Structures are given as C-alpha cells and as structure tokens.
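Read through the structure below, which is laid out as structure tokens, and then see the notes.
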Amino acid sequence: MIDKQCKSAAEAVEGIKDGAVILVGGFGQTGEPMDLLDAIAARGLRDLTIVANGGGSGEHGIGRLLAAGCVRKLVCSFPRVPGSVAFEELYEQRAIELEIVPQGTIAERVRAGGAGIPAFYVPTGAGTELADGKELREFEGRTFVMEHAIKGDVAVIKADRADRWGNLTYRLSARNFNPVMAMGAELTIAQVEECVPLGGMDPETIITPSIFVDRVVEIPGGVSNG
Amino acid sequence: MADGLTRNQMAWRLGRDIAEGSYVNLGVGIPLLVLEHAPGGREIIFHSENGVLGMKPKDETDGILPDDLTNAGKQPVSLVPGAAMFHHADSFIMIRGGHVDIAVLGAYQVAENGDLANWRLPGSPTAPAVGGAMDLAAGARNVWVICEHNGRDGAPKIVRECTLPLTGPGSVNRIYTDLAIIDVTPDGLVVREKIETLSLEDLQALSGAPLTLANGWRPLEAPDL
C-alpha cells in the first residue's frame, strides 16, 4: 500500500543534507510551508540554497532558516518586505549570496527543471542588467535572454488537502508557487491542512497529482508569522 | 503652481481609461489604488501576479481568511463572480505571453522612448527587489505608468534617458501623473491632458524631456476622493 503520510514535520524533513538546493512555495506568508521550514532549521543544516519568491518575514519559515544560519544562497525575486529582518541583517553583513531573478523567470526556470527542459529564452530582462553575462538571441526581430532550468534537491510546499498518495489541492492564492516547486525537485514534501481518505478528492479538482509528491504531513493550523 | 491630483485621484483617472473587457495587472504601490477606484458599470478583470484573475477590494464579509487570498502587495482582497485561481507559472504565462492587456506600474524614471526604471536605486544599502516588474514590462500588451510627476527631491521622473537601472527598454505606452497624462509616441511625448491652470511651459519646466501638447488636449480633472 502506498502511504506517503509522515507523522510529524521532523519526520517529513529527514534525510535532507547540508548544501541542498531547496525550492520553497509561498508568496509572502501565503502558502509558505512554515512548519516544514522550522523543522529544517531545527536540524541545523548548513550551506542550503533556497529558491523562493521572497526572503521570508518574521520568525518562522524562511526567516527562521536565515536567522539560524542555515542558508548560504538565496535565489528570489523580492527579498525585502516588512518583517524581513533576518534577511536584511545577513545582507548588511554580506553573510548571504543573493541572486535576484524576475518572478516569472523563477517560476519558469523551476517549471523547466521539472519538465526536462534544460534552458529556454525569455524576453524578460533583455536590455537590463539582469541579462548581463547571459546568452542573447534574436527571434522575429526581438532580443531574448537564455535562462537555465533550476532543479531542486528538495521542494517544501504547503497545500490544503492531500490523500495518502499525495494528490493535492490548494486554497485560493495560497496555491501560488507551490504546484510549480512540487514539480521541480527530487524530493517533494508537502504540509497540508487536512488528509482525506484515498478517493476523497474529486479527480477534476486535484491541482498537483501524486506523481510529483513524495511525503505529506498533516498540520492543521500550522505556525504563522501573524 | 497649480495643485495636482492626489494619488487616489490619479488612480481614479487612470481607471476611467480602462475599456470594458480588459485584463489588467496592477503593480504594488499607487497602481493598486486603481482597484479601489475602478469605474462601476464596466466588467474589468484584474489580474494579480500571485495567481488571481478577478480580484476586487477586500469585502470583510466574504468569509475568506486574509492569508488565503492577497494581491501582489500581500494585502487581502476578495473575488468577483467569475474569478479564477492558478499557479505562478501559469500566471506569468499570462503576463509574458502577451495575454494581459494593460499592466499598471509605478516608476522611478520613464524616458521619452518608453524606457522604464522602477526596480533598483544604485547606492541604496537595501537589497534590490525586482518582483514581477520585468516580466510585466516585457510582456504586457500595454504598460501604463502611474507616478508623481516629480520625485520627493523635485527631480523630474520623465527624462530623456533613464540614469537608473532599466526594468525594460521601450516598454511604456502612457504616463499618468498628478499633473498630466502623457502618451509615449514615435514622435516623442505628447500631453493628452494636463492640469488646466498649469501652462505647457510650467509643465515642461517640471519635466526632463521635451513635451508637445496634443491638439484637442483636455483638462486633467478628478472628483474629490
């Protein structure tokens, strides 16, 4: 019998290693898998690369990973928000590597990683400093920038409901990056509000099919940065 | 010097120019005020980069938890009937693929050729943050900038050439400021509306690039808001 359910966040994040590339869902704190990230921080891992939209805010989630010194590099589009204290301190001390990537390019790089596409061209960033050092190519008279796929060792995501196979649904804009990150990693771990019996989800409503999901942990409520 | 529009009035005025049936993305800052002042009686579908089509201002009675549904500025919003949700890769397919009719963005500088600078201030001690600005500048069918005519230090935001790092070259089609509405055209910047009591010469003195006044220009007006 397939059963991807874990008993705790700590169990769900077992096996992640120092230096891992971790894809993290969420936009602001909406859809950010705070409890899984806190569990990773509690393991005291080092030299992680975090790929996410932002740099966290408050004491839970990405903020806690940063404050705990687990992160060597942050790949994101928007690291600076109210409450992103941990990131700002590291940045000020030059204690973190930062790669700024346009938001849609992060999404597409991770999507490409999951889709088996090593690189692709986008118009985004052409003619700006974010294209510096990248291959440019003209198509139909317009300049495009070559971007490389991002593949994660691990994806940590938040969803609303799951079954024991790992089929997932989401809540409104808490979906955001989560289904994209889920497709892009070797090991995808989801924290969910509720686990339901197999067959308890209408197949038409499943957003992330179980093939992309390796572990599920039910954490009703979950921690929040308020 | 004539009084200009407030930020809310600027957003109201821009909203009047959005046609029925348009799909419109709103950037953070002044652009998000357009949601609050959208014209009634018109079906306009507001897109939010974080996976929302059909957002409207927050209705506290909608029963949606604030953390479950936000705009690009991470503030809670509500949904209109017919709204749809999708993930980030699909959201930026809409943006980058030219499916969004209008992106409304803020600006540090706009050049007379439509170059936009709105994401990074060199020398700032804080980290840069681009968000979806470059995707929108490159992909939306029309980019309308909404910003004060002059920065806090009085420097014009409308310039011959951007001196700040670009968000997108040649992206901007139209500029809404507190003093004027200006089209970016192959023949340069054309003033469609301006504060009636402000002369073209005075407006020009507040601008860093040459302006021409359109035939049939109109006074820039908005109700008290």
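The values are calculated or read from the model by the stated rules, or taken from the named source; none is laboratory data. For clarity, every value in this text was computed on a predicted model and none was experimentally measured. Cβ: placed from backbone, ideal geometry, glycine included. Neighbour counts: every protein chain shown. Remember, those area values only see protein heavy atoms, side chains included, never the ligands or the DNA or RNA. Shrake-Rupley method; radii C 1.70, N 1.55, O 1.52, S 1.80 Å.
Entry comment: accessible area of chain A is 42 Å² per residue, from protein heavy atoms only and a probe of 1.4 Å. The heavy atoms of A:Phe120 offer some 30 square angstrom of accessible surface to a 1.4 angstrom probe.
Among the residues of region A:143-177, those with an accessible-area drop of 40 Å² or more from chain alone to full protein complex, heavy atoms and 1.4 Å probe, are A:Arg171, A:Leu172, A:Ser173, A:Arg175, A:Asn176. Rounded to the nearest 500, what is the 222 nm mean residue ellipticity of chain B from helices alone, with -39500 (n - 2.57) per DSSP H run of 4+ residues and division by all residues? Here the helix-only value at 222 nm equals -4500 deg cm²/dmol.
In sequence order, region A:107-120 has phi-based couplings of 4, 6, 5, 6, 4, 4, x, x, 8, x, 10, x, 7, 6 Hz under the Karplus curve 6.51 cos²θ - 1.76 cosθ + 1.60, θ = phi - 60°, and Gly or Pro positions carry x. Less than 5 angstrom separates the built amide H of B:Asn25 from those of B:His47, B:Ile102, B:Ala103, B:Val104, all sequence-distant by 5 or more or on a different chain.
Put B:Asp178, B:Asp187 in order of accessible area, highest first, and with a 1.4 Å probe you get B:Asp187, B:Asp178. Determine the shape class of region A:98-142: with a ≥ b ≥ c the square roots of the Cα gyration tensor eigenvalues, call it rounded for a/c under 1.5, and otherwise prolate if a/b is greater than b/c, oblate otherwise. Here region A:98-142 falls in the oblate category. Heavy-atom accessible area buried between chains A and B is around 3300 Å² (1.4 Å probe, both sides summed). Here's the list of aspartates and glutamates a cross-link from B:Lys58 could span, going by alpha-carbon distance under 19 Å and ignoring same-chain residues fewer than 8 apart: B:Glu36, B:Glu43, B:Glu49, B:Asp67, B:Asp68. Computed with every protein chain present, the accessible area of A:Ile2 is close to 90 Å² [probe 1.4 Å].
Region B:82-158: D in µm²/s via Stokes-Einstein (Kirkwood Rh, Cα pairs, 10 °C, 1.306 mPa s)? D, rounded to a whole number, is 113 µm²/s. Sequence-ordered 3J(HN,Hα) estimates for region B:172-177 from the Karplus curve with 6.51, -1.76 and 1.60 and θ = phi - 60° stand at 7, 9, 8, 10, 10, 10 Hz, glycine and proline given as x. Measuring how big region A:11-57 is from its alpha-carbon positions, Rg and Dmax come out at 10.5, 27 Å. Neighbours of A:Ala39 by Cβ distance under 11 Å: Lys/Arg scored +1, Asp/Glu scored -1, total -2. Working note: Debye formula, equal point scatterers on the alpha-carbon atoms of region B:7-219, no solvent; log10 I(q)/I(0) at q = 0.12, 0.13, 0.18, 0.19 Å⁻¹ is -0.62, -0.73, -1.29, -1.40.
Charges were assigned to the Cβ only: +1 to each Lys and Arg, -1 to each Asp and Glu. The resulting dipole of region B:7-219 about its Cα centre is roughly 180 debye. Computed over chain B with a Gaussian network model linking Cα atoms closer than 10 Å, the most mobile of B:Gly168, B:Gly154, B:Gly139 is B:Gly154. Provide the net charge surrounding B:Leu200, with neighbours chosen by a C-beta distance below 14 Å and charges set as Lys +1, Arg +1, Asp -1, Glu -1. Once all neighbours under 14 Å are counted, the net charge is -1.
Kirkwood Rh over alpha-carbon pairs of region A:121-226, then Stokes-Einstein at 10 °C and 1.306 mPa s: what D in µm² s⁻¹, rounded to an integer? In µm²/s, the coefficient rounds to 100. Note on region B:14-119: Kirkwood hydrodynamic radius from all Cα pairs is 14.4 Å, rounded to one decimal. For region B:135-208, the pair-distance distribution built from all alpha carbon pairs, in bins 10 Å wide starting at 0, is 18, 53, 26, 4 percent. Using a probe of 1.4 Å on the protein chains alone, the accessible area found for B:Val190 is around 20 Å².
Take the Cα radius of gyration of the protein assembly as shown and divide it by 2.2 N^0.38 Å, with N its residue count; two decimals is plenty. Computed over Cα atoms of the protein assembly as shown, the ratio equals 1.01. Computed from point charges on the beta carbon alone (+1 for Lys and Arg, -1 for Asp and Glu), the dipole magnitude for region B:1-91 about its Cα centre is near 280 Debye. Just to be sure I understand: with springs between alpha-carbon atoms less than 10 Å apart, which residue in B:Glu49, B:Glu60, B:Glu148 has the highest mean-square fluctuation in the Gaussian network model of chain B? The residue with the greatest mean-square fluctuation here is B:Glu60. Under a 5 Å amide H cut-off, with hydrogens placed 1.01 Å from N, A:Glu99 pairs with A:Leu74, A:Val75, A:Cys76 among residues at least 5 apart or on other chains.
Normalised by 2.2 N^0.38 Å, where N is the number of residues, the alpha-carbon radius of gyration of chain A equals 1.01.
Counting only residues at least eight positions apart within a chain, or on another chain, the lysines with an alpha carbon under 24 Å from that of A:Lys7 are A:Lys17, A:Lys158. With a cut-off of 19 Å on the backbone N, the residues of region A:165-189 near the modelled label site 7 Å out from A:Lys17 along Cα-Cβ are A:185-189. 3J(HN,Hα) couplings calculated from phi for region B:44-60 with the Karplus curve 6.51 cos²θ - 1.76 cosθ + 1.60 (θ = phi - 60°) are, in sequence order, 10, 9, 8, 9, 10, 4, 7, x, 10, 10, x, 8, 9, x, 4, 10, 4 Hz; Gly and Pro show x.
Within straight-line reach of A:Lys134, meaning a Cα separation under 27 Å, sit the following lysines at least 8 residues removed in sequence or on another chain: A:Lys73, A:Lys151. Only helices enter this figure: runs of n ≥ 4 DSSP H residues, each worth -39500 (n - 2.57), summed and divided by the residues of chain A, yield -5500 deg cm²/dmol at 222 nm to the nearest 500. Loop-located trypsin sites (Lys or Arg not before Pro) in region A:83-116 (DSSP state not H, G, I, E or B) with no more than 13 neighbouring Cβ atoms inside 10 Å: A:Arg94. On region A:100-171, 47 percent of the accessible area sits on carbon and sulfur atoms, based on a 1.4 Å probe. Modelled this way, with points 7 Å down the Cα-to-C-beta line, the labels at B:Asp62 and B:Arg218 are 3.1 nm from one another. Electrostatic bookkeeping for A:Gly104 treats Lys and Arg as +1 and Asp and Glu as -1; over the other residues with beta carbon under 12 Å from its beta carbon, the sum is -2. Could you tell me what percent of the accessible area of chain B is made up of carbon and sulfur, with a 1.4 Å probe and every protein chain present? Carbon-and-sulfur percentage of accessible area, whole number: 49.
Sparsely packed loop sites in region A:162-226 (the trypsin sites (Lys or Arg not before Pro) outside DSSP H, G, I, E and B with at most 12 other Cβ atoms within 10 Å) do not occur.
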